[in-house]
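Here is the structure we will look at, set down as C-alpha coordinates.
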Amino acid sequence: MDKYIEKANVLIEALPYIKEFNGKIVVIKYGGSAMTNPQMREKVIEDIVLMKFVGMKPVIVHGGGPAINTMLTRIGKKTDFINGMRVTDRETMETVEMVLSGSVNKSIVDLLSAHNIKSVGISGKDGKLFTAEKLISADGDLGFVGNLKNIDTGIIDVLLNNGYTPVIAPISSDENGNTFNINADMAASGVASALKAQKLIYLTDIPGILRDINDETTLIQKADLKEINKMKNKGIIKGGMVPKVDYAAAAVNSGVESVHILDGRIEHSILLEIFTKKGIGTIIQKG
(Lines give C-alpha, C1' and ligand atoms only; values in the text may rest on other atoms or scores of the structure.)
Protein backbone atom coordinates (compact mmCIF):
# COMPACT_ATOMS: atom_id res chain seq x y z
CA MET A 1 0.00 0.00 0.00
CA ASP A 2 2.85 2.41 0.83
CA LYS A 3 4.14 2.41 -2.73
CA TYR A 4 0.70 3.38 -4.05
CA ILE A 5 0.45 6.21 -1.51
CA GLU A 6 3.91 7.38 -2.63
CA LYS A 7 2.73 7.44 -6.24
CA ALA A 8 -0.33 9.45 -5.22
CA ASN A 9 1.88 11.94 -3.37
CA VAL A 10 4.02 12.40 -6.48
CA LEU A 11 0.91 13.26 -8.47
CA ILE A 12 -0.29 15.66 -5.78
CA GLU A 13 3.11 17.41 -5.76
CA ALA A 14 2.85 17.85 -9.53
CA LEU A 15 -0.73 19.19 -9.44
CA PRO A 16 0.06 22.89 -8.74
CA TYR A 17 2.55 22.93 -11.61
CA ILE A 18 0.11 21.21 -13.97
CA LYS A 19 -2.44 23.90 -13.13
CA GLU A 20 0.07 26.73 -13.52
CA PHE A 21 1.48 25.59 -16.86
CA ASN A 22 -1.76 24.47 -18.52
CA GLY A 23 -1.99 26.17 -21.89
CA LYS A 24 1.54 27.61 -21.62
CA ILE A 25 4.24 27.30 -24.28
CA VAL A 26 7.46 25.49 -23.38
CA VAL A 27 10.32 25.45 -25.87
CA ILE A 28 12.64 22.45 -25.62
CA LYS A 29 16.08 22.44 -27.19
CA TYR A 30 16.60 18.74 -27.85
CA GLY A 31 20.12 17.41 -28.38
CA GLY A 32 23.08 15.63 -26.81
CA SER A 33 22.81 12.14 -25.33
CA ALA A 34 19.07 12.60 -24.94
CA MET A 35 18.91 12.37 -28.72
CA THR A 36 21.61 9.79 -29.50
CA ASN A 37 20.89 7.24 -26.74
CA PRO A 38 17.79 5.20 -27.74
CA GLN A 39 16.66 4.67 -24.14
CA MET A 40 17.06 8.33 -23.20
CA ARG A 41 15.40 9.39 -26.44
CA GLU A 42 12.27 7.44 -25.53
CA LYS A 43 12.20 8.95 -22.02
CA VAL A 44 12.40 12.49 -23.42
CA ILE A 45 9.56 11.76 -25.83
CA GLU A 46 7.48 10.36 -22.96
CA ASP A 47 8.07 13.60 -21.02
CA ILE A 48 6.91 15.67 -23.97
CA VAL A 49 3.88 13.44 -24.46
CA LEU A 50 2.86 13.91 -20.82
CA MET A 51 3.35 17.67 -21.09
CA LYS A 52 1.07 17.68 -24.10
CA PHE A 53 -1.66 15.59 -22.45
CA VAL A 54 -1.76 17.79 -19.32
CA GLY A 55 -2.44 20.83 -21.49
CA MET A 56 0.99 22.34 -22.10
CA LYS A 57 2.16 23.41 -25.55
CA PRO A 58 5.65 22.01 -26.21
CA VAL A 59 7.71 23.34 -29.12
CA ILE A 60 10.81 21.32 -30.02
CA VAL A 61 13.97 22.79 -31.56
CA HIS A 62 16.55 20.10 -32.24
CA GLY A 63 20.19 19.74 -33.09
CA GLY A 64 21.84 16.75 -34.71
CA GLY A 65 25.61 17.12 -34.73
CA PRO A 66 26.43 13.41 -34.30
CA ALA A 67 24.11 12.45 -37.17
CA ILE A 68 25.74 15.10 -39.36
CA ASN A 69 29.21 13.80 -38.47
CA THR A 70 28.16 10.27 -39.34
CA MET A 71 26.84 11.28 -42.75
CA LEU A 72 29.88 13.43 -43.59
CA THR A 73 32.17 10.54 -42.67
CA ARG A 74 30.10 8.21 -44.82
CA ILE A 75 30.53 10.43 -47.89
CA GLY A 76 34.22 11.07 -47.12
CA LYS A 77 33.83 14.76 -46.35
CA LYS A 78 36.37 16.22 -43.92
CA THR A 79 35.01 18.51 -41.20
CA ASP A 80 36.90 21.44 -39.69
CA PHE A 81 35.89 23.38 -36.60
CA ILE A 82 36.69 26.89 -35.36
CA ASN A 83 36.06 27.37 -31.64
CA GLY A 84 33.66 24.45 -31.67
CA MET A 85 31.70 25.70 -34.69
CA ARG A 86 31.57 23.64 -37.86
CA VAL A 87 33.11 25.22 -40.94
CA THR A 88 30.32 24.74 -43.47
CA ASP A 89 31.04 24.99 -47.18
CA ARG A 90 28.25 24.61 -49.75
CA GLU A 91 28.58 20.83 -50.06
CA THR A 92 28.60 20.42 -46.27
CA MET A 93 25.55 22.71 -46.01
CA GLU A 94 23.63 20.46 -48.38
CA THR A 95 24.43 17.47 -46.17
CA VAL A 96 23.55 19.36 -42.98
CA GLU A 97 20.16 20.34 -44.37
CA MET A 98 19.46 16.81 -45.59
CA VAL A 99 20.23 15.34 -42.18
CA LEU A 100 18.61 17.96 -39.93
CA SER A 101 15.50 18.76 -41.98
CA GLY A 102 15.20 15.18 -43.19
CA SER A 103 16.17 12.13 -41.16
CA VAL A 104 16.60 13.73 -37.71
CA ASN A 105 13.51 15.92 -37.90
CA LYS A 106 11.22 13.19 -39.19
CA SER A 107 12.51 10.62 -36.68
CA ILE A 108 11.29 12.90 -33.86
CA VAL A 109 7.93 13.30 -35.59
CA ASP A 110 7.71 9.50 -35.88
CA LEU A 111 8.42 9.04 -32.16
CA LEU A 112 5.71 11.53 -31.20
CA SER A 113 3.26 9.98 -33.64
CA ALA A 114 3.82 6.58 -32.04
CA HIS A 115 2.35 8.12 -28.86
CA ASN A 116 -0.62 9.62 -30.74
CA ILE A 117 0.79 13.14 -30.59
CA LYS A 118 0.08 15.13 -33.74
CA SER A 119 3.29 16.85 -34.77
CA VAL A 120 4.67 18.60 -37.82
CA GLY A 121 8.34 18.74 -38.74
CA ILE A 122 9.50 22.03 -40.24
CA SER A 123 12.71 23.97 -40.70
CA GLY A 124 13.37 27.66 -40.32
CA LYS A 125 12.75 28.01 -44.05
CA ASP A 126 9.08 27.05 -43.75
CA GLY A 127 6.74 30.03 -43.59
CA LYS A 128 9.84 32.25 -43.36
CA LEU A 129 10.07 31.23 -39.72
CA PHE A 130 13.75 32.25 -39.67
CA THR A 131 15.57 34.84 -41.72
CA ALA A 132 19.34 34.52 -41.41
CA GLU A 133 22.45 36.48 -42.14
CA LYS A 134 26.00 35.20 -42.40
CA LEU A 135 27.68 34.82 -39.03
CA ILE A 136 30.93 36.79 -39.01
CA SER A 137 33.65 35.33 -36.82
CA ALA A 138 36.88 37.10 -35.96
CA ASP A 139 38.60 33.69 -35.89
CA GLY A 140 37.94 32.72 -39.51
CA ASP A 141 35.33 32.22 -42.20
CA LEU A 142 32.72 29.68 -41.07
CA GLY A 143 31.04 29.50 -44.46
CA PHE A 144 27.28 28.92 -44.41
CA VAL A 145 26.81 29.34 -40.67
CA GLY A 146 24.12 31.86 -39.92
CA ASN A 147 22.98 34.32 -37.32
CA LEU A 148 19.27 34.87 -36.72
CA LYS A 149 18.12 38.19 -38.16
CA ASN A 150 14.35 37.79 -37.85
CA ILE A 151 11.78 35.30 -36.55
CA ASP A 152 8.19 35.13 -37.81
CA THR A 153 6.22 32.75 -35.60
CA GLY A 154 3.16 32.66 -37.87
CA ILE A 155 3.58 29.02 -38.85
CA ILE A 156 4.19 27.98 -35.23
CA ASP A 157 1.07 29.87 -34.13
CA VAL A 158 -1.02 28.04 -36.73
CA LEU A 159 0.31 24.66 -35.63
CA LEU A 160 -0.16 25.31 -31.90
CA ASN A 161 -3.65 26.72 -32.38
CA ASN A 162 -4.64 23.55 -34.22
CA GLY A 163 -3.23 21.15 -31.64
CA TYR A 164 0.02 20.23 -33.41
CA THR A 165 3.45 20.04 -31.79
CA PRO A 166 6.06 21.84 -33.95
CA VAL A 167 9.42 20.11 -34.43
CA ILE A 168 11.91 22.62 -35.79
CA ALA A 169 15.21 22.01 -37.59
CA PRO A 170 17.56 25.02 -37.25
CA ILE A 171 18.03 25.64 -40.97
CA SER A 172 17.35 29.04 -42.50
CA SER A 173 17.67 31.16 -45.61
CA ASP A 174 18.87 34.70 -45.98
CA GLU A 175 17.11 37.36 -48.04
CA ASN A 176 18.95 36.18 -51.17
CA GLY A 177 17.94 32.54 -50.81
CA ASN A 178 21.25 31.24 -49.44
CA THR A 179 20.88 28.41 -46.93
CA PHE A 180 22.50 28.65 -43.50
CA ASN A 181 22.95 26.36 -40.53
CA ILE A 182 21.84 28.00 -37.27
CA ASN A 183 23.15 27.03 -33.84
CA ALA A 184 20.31 25.09 -32.19
CA ASP A 185 20.77 26.87 -28.84
CA MET A 186 20.47 30.21 -30.62
CA ALA A 187 17.41 29.04 -32.54
CA ALA A 188 15.67 27.75 -29.41
CA SER A 189 16.34 31.03 -27.58
CA GLY A 190 15.01 33.01 -30.53
CA VAL A 191 11.86 30.91 -30.83
CA ALA A 192 11.16 31.07 -27.08
CA SER A 193 11.67 34.84 -27.11
CA ALA A 194 9.42 35.41 -30.11
CA LEU A 195 6.67 33.22 -28.64
CA LYS A 196 7.04 34.75 -25.15
CA ALA A 197 7.22 31.16 -23.91
CA GLN A 198 6.73 30.31 -20.25
CA LYS A 199 9.90 28.22 -20.22
CA LEU A 200 12.92 27.38 -22.35
CA ILE A 201 14.57 24.05 -21.58
CA TYR A 202 18.08 23.14 -22.72
CA LEU A 203 18.86 19.41 -22.59
CA THR A 204 22.62 18.96 -22.17
CA ASP A 205 25.16 16.33 -21.13
CA ILE A 206 25.98 18.00 -17.80
CA PRO A 207 23.84 18.55 -14.66
CA GLY A 208 23.60 22.31 -15.23
CA ILE A 209 25.86 25.19 -14.22
CA LEU A 210 28.58 23.93 -11.86
CA ARG A 211 30.77 26.01 -9.53
CA ASP A 212 33.49 23.43 -10.18
CA ILE A 213 33.29 21.89 -13.65
CA ASN A 214 34.97 18.74 -12.30
CA ASP A 215 32.54 18.27 -9.40
CA GLU A 216 28.91 17.53 -10.23
CA THR A 217 27.93 18.07 -6.58
CA THR A 218 28.57 21.81 -7.03
CA LEU A 219 25.42 22.32 -9.08
CA ILE A 220 23.97 25.84 -8.94
CA GLN A 221 20.23 25.28 -8.82
CA LYS A 222 19.09 28.86 -9.30
CA ALA A 223 20.65 32.06 -10.63
CA ASP A 224 19.50 35.45 -11.82
CA LEU A 225 21.09 37.48 -14.61
CA LYS A 226 23.34 39.48 -12.26
CA GLU A 227 24.68 36.27 -10.75
CA ILE A 228 25.24 34.83 -14.23
CA ASN A 229 27.36 37.84 -15.20
CA LYS A 230 29.39 37.58 -11.99
CA MET A 231 30.07 33.88 -12.62
CA LYS A 232 31.18 34.63 -16.18
CA ASN A 233 33.55 37.34 -14.94
CA LYS A 234 35.00 34.98 -12.31
CA GLY A 235 35.49 32.19 -14.86
CA ILE A 236 33.01 29.86 -13.15
CA ILE A 237 30.99 29.86 -16.38
CA LYS A 238 33.39 29.28 -19.25
CA GLY A 239 33.92 27.42 -22.51
CA GLY A 240 30.85 26.04 -24.22
CA MET A 241 28.58 27.07 -21.35
CA VAL A 242 29.15 30.79 -22.07
CA PRO A 243 27.11 31.01 -25.30
CA LYS A 244 24.40 28.81 -23.78
CA VAL A 245 23.90 31.12 -20.79
CA ASP A 246 24.10 34.14 -23.12
CA TYR A 247 21.23 32.71 -25.17
CA ALA A 248 19.40 31.95 -21.92
CA ALA A 249 19.86 35.55 -20.75
CA ALA A 250 18.63 36.88 -24.09
CA ALA A 251 15.48 34.77 -23.75
CA VAL A 252 14.81 35.93 -20.18
CA ASN A 253 15.36 39.56 -21.17
CA SER A 254 12.83 39.05 -23.99
CA GLY A 255 10.07 37.89 -21.68
CA VAL A 256 10.64 34.16 -21.17
CA GLU A 257 9.88 33.53 -17.49
CA SER A 258 12.63 30.98 -16.88
CA VAL A 259 15.33 28.99 -18.65
CA HIS A 260 16.29 25.52 -17.41
CA ILE A 261 19.61 23.80 -18.16
CA LEU A 262 19.13 20.08 -17.55
CA ASP A 263 21.04 16.82 -17.76
CA GLY A 264 19.37 14.92 -20.57
CA ARG A 265 21.18 11.75 -19.48
CA ILE A 266 18.80 11.47 -16.51
CA GLU A 267 15.56 9.63 -17.19
CA HIS A 268 12.54 11.96 -17.24
CA SER A 269 14.71 14.98 -16.50
CA ILE A 270 12.11 17.38 -17.92
CA LEU A 271 9.33 16.10 -15.66
CA LEU A 272 11.62 16.10 -12.62
CA GLU A 273 12.54 19.72 -13.30
CA ILE A 274 9.17 21.30 -13.99
CA PHE A 275 6.78 19.15 -11.94
CA THR A 276 8.69 18.89 -8.63
CA LYS A 277 9.51 21.48 -5.95
CA LYS A 278 13.27 20.99 -5.98
CA GLY A 279 14.04 20.32 -9.64
CA ILE A 280 17.27 18.75 -10.84
CA GLY A 281 19.05 21.35 -13.01
CA THR A 282 19.85 25.05 -13.10
CA ILE A 283 17.03 27.56 -13.46
CA ILE A 284 17.85 31.05 -14.76
CA GLN A 285 15.44 33.92 -14.14
CA LYS A 286 15.62 37.67 -14.53
CA GLY A 287 15.73 38.52 -10.86
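Filter the range 223-258 for residues that are among the charged types (D, E, K, R), exposed (fewer than 14 other Cβ atoms within 10 Å of the Cβ) and touching a residue at least 40 places away in the same chain (Cβ under 8 Å) and give the result.
Step one: filter the range 223-258 for residues among the charged types (D, E, K, R), giving 224, 226-227, 230, 232, 234, 238, 244, 246, 257.
Now narrow it down to the ones that are exposed (fewer than 14 other Cβ atoms within 10 Å of the Cβ): 226, 230, 234, 238.
Hit for the range 223-258 is Lys226, nothing else.
Look through Pro207, Pro243 and report the one residue that is touching an Asp or Glu at 6+ places or on another chain (Cβ under 6 Å) and modelled with pLDDT under 95. Before the answer, list the steps.
Numbers: Pro243 fails: touching an Asp or Glu at 6+ places or on another chain (Cβ under 6 Å).
Of Pro207, Pro243, the one residue that is touching an Asp or Glu at 6+ places or on another chain (Cβ under 6 Å) and modelled with pLDDT under 95 is Pro207.
Can you name the number of the only condition in (1) modelled with pLDDT of 95 or more; (2) more than 27 Å from His268 (Cβ to Cβ) that Gln198 fails?
(2) is the only condition that Gln198 fails.
Just to be sure I understand, how many residues within the range 1-39 are modelled with pLDDT of 90 or more and touching an Asp or Glu at 6+ places or on another chain (Cβ under 8 Å)?
Total meeting the criteria: 1.
Taking the range 246-275 as the region of interest, how many residues are of a type in the set (Phe, Trp, Tyr) and at pLDDT 90 or above?
Looking only at that region, the number is 1.
So Thr131 fits all but one of (1) β-branched (Val, Ile, Thr); (2) assigned to a strand (DSSP E or B); (3) surrounded by fewer than 17 Cβ atoms within 10 Å (Cβ to Cβ); what number is the exception?
The failed condition is (3).
Within the range 134-156, how many residues turn out to be in a helix (DSSP H, G or I) and surrounded by 14 or more Cβ atoms within 10 Å (Cβ to Cβ)? Full working, then the answer.
Applying the first criterion (in a helix (DSSP H, G or I)) to the range 134-156 yields 154-156.
Still in the list and also surrounded by 14 or more Cβ atoms within 10 Å (Cβ to Cβ): 155-156.
Within the range 134-156, residues that are in a helix (DSSP H, G or I) and surrounded by 14 or more Cβ atoms within 10 Å (Cβ to Cβ) number 2.
Condition first: surrounded by 16 or more Cβ atoms within 10 Å (Cβ to Cβ) and farther than 17 Å from Thr276 by Cβ. Now tell me which residues in the range 7-23 satisfy that.
none
Looking only at residues that are in contact (Cβ under 8 Å) with a residue 24 or more places away in the chain, closer than 26 Å to Phe53 by Cβ and assigned to a loop (DSSP other than H, G, I, E, B) in the range 157-183, which one is nearest to the chain's Cα centre (by Cα)?
Tyr164
Residue-wise test of (1) aliphatic (A, V, I, L, M); (2) more than 17 Å from Val191 (Cα to Cα); (3) in contact with a Cys (Cβ under 9 Å, 6 or more places away or on another chain); (4) modelled with pLDDT under 95.
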site: Arg90; (1), (2), (3), (4): no, yes, no, yes
site: Leu112; (1), (2), (3), (4): yes, yes, no, no
site: Val120; (1), (2), (3), (4): yes, no, no, no
site: Ser123; (1), (2), (3), (4): no, no, no, no
site: Asp126; (1), (2), (3), (4): no, no, no, no
site: Phe130; (1), (2), (3), (4): no, no, no, no
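Go through (1) within 19 Å of Ile151 (Cβ to Cβ); (2) out of contact with any Lys or Arg (no Cβ under 8 Å at 6 or more places or on another chain); (3) crowded, with 19+ Cβ neighbours inside 10 Å for Gly177 and report which single condition fails.
Among (1) within 19 Å of Ile151 (Cβ to Cβ); (2) out of contact with any Lys or Arg (no Cβ under 8 Å at 6 or more places or on another chain); (3) crowded, with 19+ Cβ neighbours inside 10 Å, Gly177 violates only (3).
Do we find that Ile108 is of a type outside the set (D, E, K, R), touching a helix residue (DSSP H, G or I) at 6+ places or on another chain (Cβ under 7 Å) and under 30 Å from Ser137 (Cβ atoms) in this structure?
No, not satisfied.
Would you confirm whether any residue within the range 273-284 is surrounded by 15 or more Cβ atoms within 10 Å (Cβ to Cβ), touching a residue at least 12 places away in the same chain (Cβ under 8 Å) and at positive phi? Don't jump to the end; show me each part of the working.
If we filter the range 273-284 for residues that are surrounded by 15 or more Cβ atoms within 10 Å (Cβ to Cβ), which is where we start, we get 273-275, 279-284.
Keeping just the survivors that are touching a residue at least 12 places away in the same chain (Cβ under 8 Å) gives 273-275, 279-284.
Restricting the remaining residues to those that are at positive phi gives 279.
Yes - at least one qualifying residue is present in the range 273-284.
Looking only at the range 184-215, count how many residues are farther than 22 Å from Arg41 by Cα and assigned to a loop (DSSP other than H, G, I, E, B).
9
When you scan the range 78-93, how many residues do you find that are basic (Lys, Arg) and not in a loop (DSSP other than H, G, I, E, B)?
So the count comes out to 2.
List the pairs whose first member sits in the range 54-82 and is in contact (Cβ under 8 Å) with a residue 24 or more places away in the chain, whose second member is acidic (Asp, Glu), and whose Cβ atoms are under 8 Å apart, counting only residues at least 6 apart or on separate chains?
Going by the 8 Å Cβ cut-off, the qualifying pairs are Ile82/Asp139.
The values are calculated or read from the model by the stated rules, or taken from the named source; none is laboratory data. Please read these numbers as outputs of a predicted model, since none were measured by experiment. Cβ: placed from backbone, ideal geometry, glycine included. Neighbour counts: every protein chain shown.
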